[in-house]
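Engineer: Take a look at the following structure, please.
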Amino acid sequence: MSLNRVFHIVMALVWLYTIYVLANMQDMLAMYVMAGGMFAQAVFSAIFNDKSC
């Protein structure tokens, strides 16, 4: 599998975890996870010049 596919699978798991945390009323942790996920996507896009993220 390519790095791009692995990264997108990991990010899908991060977003599923964010939904789980939000459903369990842990709003601040969900916000931190969401911010970290968005930052990771931005860094990945900047490094690999991937316009699909």
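The values are calculated or read from the model by the stated rules, or taken from the named source; none is laboratory data. Fair warning: this is a prediction, and the values are worked out from it, not measured in the lab. Note that we place each Cβ from the backbone using ideal geometry, even for glycine, and neighbour counts take in every protein chain shown.
Engineer: Out of F48, F44, which single residue is at pLDDT below 95 and surrounded by 15 or more Cβ atoms within 10 Å (Cβ to Cβ)?
Structural biologist: Residue meeting the stated conditions: F44.
Engineer: Looking at region 39-53, which of the residues that are part of a helix (DSSP H, G or I) and among the polar types (S, T, N, Q) is nearest to the chain's Cα centre (by Cα)?
Structural biologist: This residue is Q41.
Engineer: Output yes when any residue across region 18-38 is loosely packed, with under 10 Cβ neighbours inside 10 Å and not in a helix (DSSP H, G or I), and no when none is.
Structural biologist: yes
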